[in-house]
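A.B. asks: Structure below; questions to follow.
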Amino acid sequence: MARFFQYKAPGELQAAADELGQPLSLAPSAAPLFEPFRVGGRTVGNRLVVQPMEGCDGTLDGAPDELTFRRYRRFGAGGAKLIWGEATAVSADARANTRQLWLSPRTAPAIEQMLAECRSAHREACGDDRDLLLGLQLTHSGRYSVPRPLLATTDPLLDPLTYHRAAGRPVNATDPRLTDAELRGIADQYVTAARLAQQVGCDFVDIKQCHHYLLSELLSARNRPGPYGGSLENRTRLVREIVTRIRAEVPGLLLFTRMNCYDGIPFRGELIDGERRGRPVPCEGPVPNAFGTDPNEWQREDLAEPIAVARELVQLGVGMVNVTMGNPYANPHVVRPAEYPPVDGYLPPEHPLLGVLRHLRIAAAMQAALPGVPVVGSGYSWLQDFAHLVAAGEVAAGRVTCAGFGRATLSHPDFANALKEQGRFDRKQVCRTFSYCTGLMRAKDHPLGQYPTGCPPFDKEAYGAIWKEVEAKRSP
Ligand SMILES: Cc1cc2nc3c(=O)[nH]c(=O)nc-3n(C[C@H](O)[C@H](O)[C@H](O)COP(=O)(O)O)c2cc1C
């Protein structure tokens, strides 16, 4: 079944990276991942991070439901000491799907309960939660809001690929762009949500600037006129305002950010010999809207702006930076290197190891530019049975402070405990990056407008029947 990942031993993975010209130094064991670190006056018990992983399983008014509670109990019990809670919308119209969490006075009690259950599961399994950091990712989905895209700018490459669900067509030039006054209103929503987050027991909030949702789109809005577009100062005006206000108005709440440090350009599947192969969209001349990307050679990262933004936000009080990249709708192979593509994707246009190496290289460059600031790296799941050795190698060399695990946490939520107790993952739970989880995320033909997501092959109890239902609907 494996197309790319055929390594039986760490040395084989190392040799494959050597062959691709980007040597990897795997650690002999996971030990470096169990060194505590400090952030914002707190000691965090290990370097393992549960990345934000939406379950798309909330109620229609944005509260966690049964599967959401279950997921956070499993994350809590799993042993990672930093649980970077999932995308949680700051308003109703900021949600990316009908079942995304939304932090409001109405949902606050249920979200508080969810966080409390996560902590108590952690205490029960690990003995102590004083060295656990738990928070939520505050999001405005911007271009990917449903049912109506809330666009920050015109993106000539992305607009034709962005589906306007309410209108039943792609975005076009007639669609309105968010006004400056609307953007200022969104800053108020972030502050209100941050205050609620503190009240419900978050240690931190993440001001999400990734994956081309609103604040990520603004980072690249070079062609937006007015005070929120054009110069880097303008493009970062909204995030700076949000961070400054939360610092002042919600003292004591730690502020982190997950940010795109490389956008790249959109890809599309092209049917060639019966296979959907990934191809970049045609792009003549400099790339207009891509952050962290060399405009004349979009394959290459240009980190001058991401570094400048991260440094400025750290000056304003951001304590931790989670480095990510790409756009899950337009170039999923960049965000999450995978063995098999998601339903709305295409066959990998590059060896997934190259995708992982891009993540490692960019996270290391960001960490080098931010000495003393803990940086989290992403994109480790494709490394499967050896992900911990690569992560430990990166941490031991100081190339990142923490390793974040995304898809791997859905198949193997107790991955950190397994590493601690056995020094390796449980082979029967290692994520094989088959993209079932993304498949469920993209499945909308449900009475609530969205199927919940998880790991059908390894968590059959919760997702086996759900997957079968989705498959049955897809087959003619
Ligand atoms: C089902 C699913 C849900 C996700 N939810 C979020 C999210 O809420 N916020 C976010 O920043 N990234 C989200 N991601 C991206 C992951 O956090 C992570 O960056 C990506 O999967 C790559 O890491 P990995 O190789 O460890 O999986 C999601 C990915 C998947 C597959």
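A.B. asks: What are the residues in the range 121-149 that are aliphatic (A, V, I, L, M), outside any helix (DSSP H, G or I) and either within 16 Å of the ligand (Cβ to nearest atom) or touching a Phe, Trp or Tyr at 6+ places or on another chain (Cβ under 9 Å) (or both), if any? Quick ask: steps written out before the conclusion?
C.D. replies: Of all residues in the range 121-149, those aliphatic (A, V, I, L, M) come to 121, 125, 132-134, 136, 138, 146.
Restricting the remaining residues to those that are outside any helix (DSSP H, G or I) gives 132-134, 136, 138, 146.
If the condition is that a residue be aliphatic (A, V, I, L, M), outside any helix (DSSP H, G or I) and either within 16 Å of the ligand (Cβ to nearest atom) or touching a Phe, Trp or Tyr at 6+ places or on another chain (Cβ under 9 Å) (or both), then Leu133, Leu134, Leu136, Leu138, Val146 are the ones that fit.
A.B. asks: Among the listed residues Gly398, Gly404, Gly393, identify the single one that is surrounded by 24 or more Cβ atoms within 10 Å (Cβ to Cβ) and either in contact (Cβ under 8 Å) with a residue 12 or more places away in the chain or not in a helix (DSSP H, G or I) (or both).
C.D. replies: Details: Gly398 fails: surrounded by 24 or more Cβ atoms within 10 Å (Cβ to Cβ); Gly393 fails: surrounded by 24 or more Cβ atoms within 10 Å (Cβ to Cβ).
Just one listed residue meets the conditions, Gly404.
A.B. asks: Could you please find all residues in the range 367-390 being in a helix (DSSP H, G or I) and either surrounded by fewer than 21 Cβ atoms within 10 Å (Cβ to Cβ) or touching a helix residue (DSSP H, G or I) at 6+ places or on another chain (Cβ under 6 Å) (or both)?
C.D. replies: Ala368, Ala369, Ser381, Trp382, Leu383, Gln384, Asp385, Phe386, His388, Leu389, Val390
Here is a yes/no grid of residues against (1) touching a residue at least 24 places away in the same chain (Cβ under 8 Å); (2) within 20 Å of Pro288 (Cβ to Cβ):
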residue: Met114; (1), (2): yes, no
residue: Glu124; (1), (2): yes, no
residue: Leu132; (1), (2): yes, no
residue: Leu138; (1), (2): yes, no
residue: Ala152; (1), (2): yes, yes
residue: Leu161; (1), (2): yes, yes
residue: Asn172; (1), (2): no, yes
residue: Asp180; (1), (2): yes, no
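A.B. asks: Would you say Gln199 is under 19 Å from Asp93 (Cβ atoms) and open to solvent by 10 Å² or more (accessible area, probe 1.4 Å)?
C.D. replies: On the way: under 19 Å from Asp93 (Cβ atoms): no; open to solvent by 10 Å² or more (accessible area, probe 1.4 Å): yes.
It is false that Gln199 is under 19 Å from Asp93 (Cβ atoms) and open to solvent by 10 Å² or more (accessible area, probe 1.4 Å).
A.B. asks: Mind checking which residues of the range 429-445 are aliphatic (A, V, I, L, M) and either more than 9 Å from the ligand (Cβ to nearest atom) or more than 17 Å from the chain's Cα centre (by Cα) (or both)? Please lay out each step first, then the result.
C.D. replies: The first filter runs over the range 429-445 and keeps only residues aliphatic (A, V, I, L, M), leaving 430, 440-441, 443.
Val430, Ala443 - these are the residues of the range 429-445 that are aliphatic (A, V, I, L, M) and either more than 9 Å from the ligand (Cβ to nearest atom) or more than 17 Å from the chain's Cα centre (by Cα) (or both).
A.B. asks: So which residues in the range 421-462 are open to solvent by 20 Å² or more (accessible area, probe 1.4 Å), touching a Phe, Trp or Tyr at 6+ places or on another chain (Cβ under 6 Å), assigned to a helix (DSSP H, G or I) and closer than 15 Å to Pro341 by Cα, if there are any at all?
C.D. replies: none
A.B. asks: Keeping to the range 79-107, report how many residues are away from the ligand (no atom under 14 Å from the Cβ) and crowded, with 17+ Cβ neighbours inside 10 Å. So that I can check it myself, show each step before the final result.
C.D. replies: Let us first name the residues in the range 79-107 that are away from the ligand (no atom under 14 Å from the Cβ), namely 79, 81, 91-93, 98, 104-107.
Next, only the ones that are crowded, with 17+ Cβ neighbours inside 10 Å stay: 79, 81, 91, 98, 104, 107.
Adding up the residues that qualify gives 6.
A.B. asks: Hey, another quick one. Looking at the range 104-139 only, could you name the residues that are of a type in the set (A, V, I, L, M, F, W, C) and over 23 Å from Glu35 (Cα atoms)?
C.D. replies: Filtering the range 104-139 for residues of a type in the set (A, V, I, L, M, F, W, C) gives 108, 110-111, 114-116, 118, 121, 125-126, 132-134, 136, 138.
Answer for the range 104-139, where residues must be of a type in the set (A, V, I, L, M, F, W, C) and over 23 Å from Glu35 (Cα atoms): Ala108, Ala110, Ile111, Met114, Leu115, Ala116, Leu136, Leu138.
A.B. asks: On to the next question. Considering the range 352-374 alone, what residues qualify as being within 14 Å of the ligand (Cβ to nearest atom) and hydrophobic (A, V, I, L, M, F, W, C)? Reasoning before the result, please.
C.D. replies: Taking the range 352-374 as the starting set, the residues that turn out to be within 14 Å of the ligand (Cβ to nearest atom) are 352-360, 362-363.
Within the range 352-374, Leu353, Leu354, Val356, Leu357, Leu360, Ile362, Ala363 qualify.
A.B. asks: Related question: Among the numbered criteria (1) more than 14 Å from the ligand (Cβ to nearest atom); (2) closer than 22 Å to Leu158 by Cα; (3) of a type in the set (D, E, K, R), which one does Glu241 miss?
C.D. replies: (2)
A.B. asks: Give the residue, chosen from Arg177, Arg169, Arg143, Arg130, that is within 27 Å of Gln51 (Cα to Cα), basic (Lys, Arg) and open to solvent by 40 Å² or more (accessible area, probe 1.4 Å). Spell out how you get there, then give the answer.
C.D. replies: Working: Arg177 fails: within 27 Å of Gln51 (Cα to Cα); Arg169 fails: within 27 Å of Gln51 (Cα to Cα); Arg143 fails: open to solvent by 40 Å² or more (accessible area, probe 1.4 Å).
It is Arg130.
A.B. asks: Restricting the range 407-417 to residues that are in a helix (DSSP H, G or I) and within 16 Å of Gly45 (Cβ to Cβ), which is most open to solvent (accessible area, probe 1.4 Å)?
C.D. replies: Ranking the candidates gives Asn417 first.
A.B. asks: I've got another one for you. Could you tell me whether the range 91-107 includes any residue that is over 30 Å from Val281 (Cα atoms), of a type outside the set (Asp, Glu), outside any loop (DSSP other than H, G, I, E, B) and under 18 Å from the mean Cα position of the chain (by Cα)?
C.D. replies: Just the residues of the range 91-107 that are over 30 Å from Val281 (Cα atoms), to begin with: 91-92, 99, 101-107.
From the residues that got through so far, the ones that are of a type outside the set (Asp, Glu) too are 91-92, 99, 101-107.
Filter again for outside any loop (DSSP other than H, G, I, E, B), leaving 92, 101-102.
Restricting the remaining residues to those that are under 18 Å from the mean Cα position of the chain (by Cα) gives 101-102.
Within the range 91-107 (the criterion being over 30 Å from Val281 (Cα atoms), of a type outside the set (Asp, Glu), outside any loop (DSSP other than H, G, I, E, B) and under 18 Å from the mean Cα position of the chain (by Cα)), the answer is yes, since at least one residue qualifies.
A.B. asks: Mind counting the residues in the range 157-187 that are at pLDDT below 95 and part of a helix (DSSP H, G or I)?
C.D. replies: Total meeting the criteria: 0.
A.B. asks: Condition check: open to solvent by 20 Å² or more (accessible area, probe 1.4 Å), more than 13 Å from the ligand (Cβ to nearest atom) and in contact with a His (Cβ under 7 Å, 6 or more places away or on another chain). Does Pro349 satisfy that? Full working, then the answer.
C.D. replies: Values: open to solvent by 20 Å² or more (accessible area, probe 1.4 Å): yes; more than 13 Å from the ligand (Cβ to nearest atom): yes; in contact with a His (Cβ under 7 Å, 6 or more places away or on another chain): yes.
Yes, satisfied.
A.B. asks: So, one more: Within the range 422-461, track down each residue that is among the aliphatic types (A, V, I, L, M) and closer than 15 Å to Glu54 by Cβ. Lay out the reasoning, then the answer.
C.D. replies: Looking only at the range 422-461, we keep the residues that are among the aliphatic types (A, V, I, L, M), and these are 430, 440-441, 443, 448.
Answer for the range 422-461, where residues must be among the aliphatic types (A, V, I, L, M) and closer than 15 Å to Glu54 by Cβ: Leu440, Met441, Ala443, Leu448.
A.B. asks: What number of residues in the range 261-316 are closer than 17 Å to His359 by Cβ, open to solvent by 50 Å² or more (accessible area, probe 1.4 Å) and acidic (Asp, Glu)?
C.D. replies: 1
The values are calculated or read from the model by the stated rules, or taken from the named source; none is laboratory data. Keep in mind that what you see is a predicted model, and the values were worked out from it rather than measured. No Cβ is skipped: glycine too gets one built from the backbone with ideal geometry, and neighbour counts run over all protein chains shown. The protein model used for the area step is the full one, side chains on, heavy atoms only, and it has no ligands, DNA or RNA in it. Shrake-Rupley method; radii C 1.70, N 1.55, O 1.52, S 1.80 Å.
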